[in-house]
Amino acid sequence: MDKQMKMHYMQRIDDKLSDLPWYVTEFIDSKKRKLSPTTLLNYCHDYIIFFDWLIAENLTSSNRKEITLETLELLTIREVENFLSFLDYQLGNKKLTINRKLSSLKSLFDYLQNKAETSDLKPYIQRNVMAKMDLNAIKESQETIANRIEGKILRNDDFELFRQFVAYDFGEKHKENKRIFTFHQFNRERDTAIVSLILGSGLRLSEVAGINMDDLDMNKALVRVVRKGDKEQYVYFSKQALMDLESYLQIRETRYLPDKQENYLFIAAPVGRKGKSRRLTQRSIEKLIEKYATAFGKPSLTVHSLRHSFATRYHLENNDVPRLKNQLGHSSIQTTMIYTHLTDEEMRNAVMYGELKMLALKVLILKAFLSYALIFTSQNK
């Protein structure tokens, strides 16, 4: 994440903190050196949901910004369980999402009890109800995860069909709608380059959004990205992605009119007559993929499932898990092993198809041998 994007996220965090209690601001400040801005922003969103729930349930008479430490200290296990049920049944959060929000609260409460100190060197709170709360048990085998992903990825010819749809067919499909058609014509090279890059490299959403012009090495088909944990890495992308990026770069300056100091690769279309160019945000990239996926007839396609699609094809074609792990930026090879299960069916079909071909060949050989034997026998009578 470059400096400009970090500043953007930090401004959003400050905006959220302006409406949260002082101790939350102190906690977030203590984490700025260790956690990414996107993680800190998620923390802020989680705390807003929690504090608003406290107010709605009449567990505090204060507004969000003035909720006291005493209110947190007096919370019961039953009340926190009710909050988690609210996330489940009212907000429809999945178990993984509830776990993440509970972890956010656990981090805050742990800071208030074990790290923060008053002027007389005492903790902010004595009692920590969140320490007593257990995360949802989520036990999924790699096969289970693979089966869940299975129906949400592109396979075989779908790679090129989806790319072609983004590049051309979406516009043709909406030719009668002048606004949609014109907008697609304006952005189709950019959008095709984004889709092609993800399908040809397996980059994460944040990595694609964060690419700058000087991160690209078009001669070697390499892009420099900052991965999780602020690790810098050079990642290869496909020949098709290279060609689509070249097409986009040919029109980038004349169409999007970026200022000289604006170095980001993917630019949002200007809004209004005096609209300035700006970096295409992660959410904007998510929305454009959602738009094309729905029109393509695969609404379950997301940026992440395009990444899964790349990984699945890579493993099937190369069967090299260590290199795939490096390409995807996984910290653990166990995560990469999911794709070995995703391709089990293809492997099985390949083996079966190979066996059938061998059987057919044996039948042909046997038929030829019998024909030769009959001819030889008839000639010697």
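A short reminder: the numbers here are calculations on the coordinates, not readings from a lab. Keep in mind that what you see is a predicted model, and the values were worked out from it rather than measured. FYI the Cβ positions are ideal-geometry reconstructions off the backbone, even for glycines, and counts take in every protein chain you see.
Points to keep in mind about this one:
- Shape call, the stretch 267-319: gyration tensor on alpha carbons, a/c limit 1.5: prolate
- Extent along principal axes [Cα atoms of the stretch 22-71; Å; largest to smallest]: 35, 17, 12
- Farthest positive-ward along the stretch 153-244 dipole, Cα basis, beta-carbon charges - from 240, 212, 183: 183
- For the stretch 159-220, trypsin sites (Lys or Arg not before Pro) are listed when DSSP marks them as loop and at most 11 other Cβ atoms sit within 10 Å of their Cβ; the list is 175, 220.
- Per-peptide packing, taken as the mean over residues of other Cβ atoms within 10 Å, places 281-287, 47-53 in the sequence 47-53, 281-287 from highest down.
- Shape class for the stretch 16-122, computed from the alpha carbon gyration tensor (a ≥ b ≥ c): oblate, with a/c not under 1.5 and a/b at or below b/c.
- For the stretch 172-324, the orientation-averaged shadow of the C-alpha convex hull comes to 10.3 nm² (one quarter of the hull surface).
- Assuming charge only on the beta carbon of Lys and Arg (+1) and of Asp and Glu (-1), the dipole of the stretch 62-124 about its Cα centre is about 400 debye to the nearest 20.
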